[in-house]
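J.: This structure is in structure tokens; I'll ask about it shortly.
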Amino acid sequence: MRGEIDAAAFRTASTCAWRFEMLRRHDFAETVWHFSRTLRAMAAKAGKPQAFNQTVTIAFLSLIAERLVHGHPADFAAFQRDNAELFEKNALARWYRPERLASDAARRTFLLPDCAS
């Protein structure tokens with residue numbers, strides 16, 4: 001992920017494959033740093049800096065990393081098939097209230113979950 005993808009085509013759902021590949025190749029902390037920087041830059045380049053949400057970014061990276069530790073999918077298609085709930089619009093609702101995810105604080109920094117799972 002080198003910012004070569006058209007920033008106007010930026011969509012949160014499409015970034016899951018990038019997350020998956022980065023986490024397979026790099027450790028979690030390194031992935032968080034690189035992925036967050038790149039995604040934030042892409043949102044800004046698309047003219048939508050407010051679209052970047054640090055909490056959503058790190059929460060999804062955490063979920064994918066955990067699933068990769070417990071399962072060993074052959075490729076992204078297998079991961080997607082085995083973890084379909086991660087691709088639902090409200091995938092983080094189990095851990096976060098919508099207003100918490102929509103907050104300015106969630107956009108700026110990682111917030112811990114506020115719902116019991």
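J.: Which of (1) hydrophobic (A, V, I, L, M, F, W, C); (2) under 15 Å from the mean Cα position of the chain (by Cα); (3) modelled with pLDDT of 95 or more does Leu86 not meet, given it meets every other one?
T.: Here Leu86 meets the rest and fails (3).
J.: Still on this structure, I have one more. If only one of Thr15, Thr55 is of a type in the set (Ser, Thr, Tyr), at pLDDT 95 or above and open to solvent by less than 50 Å² (accessible area, probe 1.4 Å), which one is it?
T.: Values: Thr15 fails: at pLDDT 95 or above.
The conditions single out Thr55.
J.: How many residues are outside any loop (DSSP other than H, G, I, E, B) and touching a helix residue (DSSP H, G or I) at 6+ places or on another chain (Cβ under 9 Å) if we restrict to segment 91-103?
T.: Narrowing segment 91-103 to residues outside any loop (DSSP other than H, G, I, E, B): 98-101.
From what's left, touching a helix residue (DSSP H, G or I) at 6+ places or on another chain (Cβ under 9 Å): 100-101.
Of the residues in segment 91-103, 2 are outside any loop (DSSP other than H, G, I, E, B) and touching a helix residue (DSSP H, G or I) at 6+ places or on another chain (Cβ under 9 Å).
J.: Something else now. Filter segment 62-103 down to residues that are more than 26 Å from Arg25 (Cα to Cα), of a type in the set (Asp, Glu) and open to solvent by less than 100 Å² (accessible area, probe 1.4 Å), then give me how many there are. First the steps, then the outcome.
T.: Here is the first cut: in segment 62-103, the ones more than 26 Å from Arg25 (Cα to Cα) are 89-90, 93-103.
Narrowing the set further to residues that are of a type in the set (Asp, Glu) leaves 99.
Restricting the remaining residues to those that are open to solvent by less than 100 Å² (accessible area, probe 1.4 Å) gives none.
So the count comes out to 0.
J.: Of the numbered conditions (1) exposed (fewer than 10 other Cβ atoms within 10 Å of the Cβ); (2) at pLDDT below 95, Leu112 fails exactly one; give the number of that condition.
T.: Going through (1) exposed (fewer than 10 other Cβ atoms within 10 Å of the Cβ); (2) at pLDDT below 95 one by one, Leu112 breaks only (2).
J.: Cβ contacts < 6 Å: first residue among the aromatic types (Phe, Trp, Tyr), restricted to segment 69-92; second residue in a helix (DSSP H, G or I), any location; separation 6+ or different chain. Result?
T.: Qualifying pairs under 6 Å: Phe76/Ala17; Phe76/Phe20; Phe79/Phe20.
J.: Step by step: first the residues of segment 104-117, then only those that are in contact with a helix residue (DSSP H, G or I) (Cβ under 8 Å, 6 or more places away or on another chain) and of a type outside the set (Gly, Ala, Ser), then the one that is farthest from Asn53 (Cα to Cα). Which residue is that?
T.: Asp114
J.: Within segment 27-48, can you find the residues that are closer than 15 Å to Ser62 by Cβ, among the small types (Gly, Ala, Ser) and surrounded by fewer than 16 Cβ atoms within 10 Å (Cβ to Cβ)?
T.: If the condition is that a residue be closer than 15 Å to Ser62 by Cβ, among the small types (Gly, Ala, Ser) and surrounded by fewer than 16 Cβ atoms within 10 Å (Cβ to Cβ), then Ala29 is the only one that fits.
The values are calculated or read from the model by the stated rules, or taken from the named source; none is laboratory data. This is a predicted model, so every value here is computed, not measured. Every residue, glycine among them, receives a Cβ derived from its backbone with ideal geometry; neighbour counts consider all protein chains shown. When the accessible area is computed, the model is the full protein with side chains, heavy atoms only, and any ligands, DNA or RNA have been set aside. Shrake-Rupley method; radii C 1.70, N 1.55, O 1.52, S 1.80 Å.
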